[in-house]
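Reading through the structure tokens given below for one structure.
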Amino acid sequence: MKTMLLKAVPIWLLILSFAGGAQAQFENVYIGVNGLTCSQCSRTVEMSIRKLSFVADVKMNLEHTEGTIVLKKNSKADMEKIAQAVMNAGFSVRYLQADLHIDNSAVSSGACLTYNGDQFVFAEAPKAPLAGTIKLKFIGKKYMPKSDFKKVEAHMSDKCGNATGKVYHVSM
């Protein structure tokens with residue numbers, strides 16, 4: 001009996017390693033900014049975001065009041081710092097989305113993903129294991145207008161348990 005259990009242990013460890021973590025990399029972040037009315041406003045937001053150590057490039061689009069942020073490879077991106085950079089420039093975030101490239105990942109309970117020490121709690125559990133590039137939409141006071149946040153606030157919970165890093169609420 002002990003021999004059978006010992007043989008089964010490596011299989012369970014392999015399954016659990018896929019369930020809790022992921023080999024992943026954030027690639028791009030897309031941000032909508034409220035209040036951009038001129039090229040100087042756009043430039044102010046751009047320069048504030050460029051100061052972040054994990055940002056490789058920023059391209060703002062004044063016509064659509066949004067921007068694309070290219071992240072440095074192998075750097076830990078901090079979505080709170082991106083939102084704070086926009087607020088420090090004197091504007092507010094309308095939306096914040098990010099492309100996350102996932103290799104060989106499964107979501108254990110369907111509602112949580114751990115990446116780079118941070119936990120991502122899905123508002124609605126993905127119907128299939130996550131793989132490839134997925135677009136995460138960040139949910140929270142810093143990432144959306146107050147009126148939109150009030151609609152989803154009651155449905156937010158930390159279903160993942162103890163986090164070593166930040167806890168982000170997201171949807172797909």
For this session: Among the residues of region 74-102, write down those that are closer than 22 Å to S42 by Cβ and aliphatic (A, V, I, L, M).
Result: A77, M79, I82, A83, A85, V86, M87, A89, V93, L96, A98
Problem set entry | Scope region 130-172; condition touching a Cys at 6+ places or on another chain (Cβ under 6 Å) and within 13 Å of L100 (Cβ to Cβ); matching residues | none
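Consider L136 carefully, then state whether it is surrounded by 18 or more Cβ atoms within 10 Å (Cβ to Cβ), closer than 25 Å to G161 by Cβ and in contact with a Lys or Arg (Cβ under 8 Å, 6 or more places away or on another chain). Spell out the reasoning first.
Details: surrounded by 18 or more Cβ atoms within 10 Å (Cβ to Cβ): yes; closer than 25 Å to G161 by Cβ: yes; in contact with a Lys or Arg (Cβ under 8 Å, 6 or more places away or on another chain): no.
Criteria not met by L136.
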Problem set entry | Options V58, V121, V70: the member that is touching a strand residue (DSSP E or B) at 6+ places or on another chain (Cβ under 8 Å), closer than 17 Å to Y143 by Cβ and of a type in the set (A, V, I, L, M) | V121
Exercise. For residues in region 60-78 being of a type in the set (D, E, K, R) and in contact (Cβ under 8 Å) with a residue 12 or more places away in the chain, which is farthest from Y95 (Cα to Cα)?
Worked result: K73
For this session: Identify all residues within region 26-59 that are without any contact (Cβ under 8 Å) to a residue 60 or more places away in the chain, of a type in the set (A, V, I, L, M) and either closer than 27 Å to N116 by Cα or exposed (fewer than 13 other Cβ atoms within 10 Å of the Cβ) (or both); write none if there are none.
Result: V45, M47, I49, L52, V55, A56, V58
Exercise. Pick from region 60-71 the residues that are more than 15 Å from the chain's Cα centre (by Cα) and either surrounded by 14 or more Cβ atoms within 10 Å (Cβ to Cβ) or hydroxyl-bearing (S, T, Y) (or both): which of them is nearest to T114 (Cα to Cα)?
Worked result: G67
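Bear in mind these aren't lab numbers, they're just calculated from the coordinates by the rules spelled out. Owing to the predicted nature of the structure, the values given are computational and were not obtained by experimental measurement. Here Cβ is always computed from backbone atoms with ideal geometry, including for glycine, and neighbour counts include all displayed protein chains.
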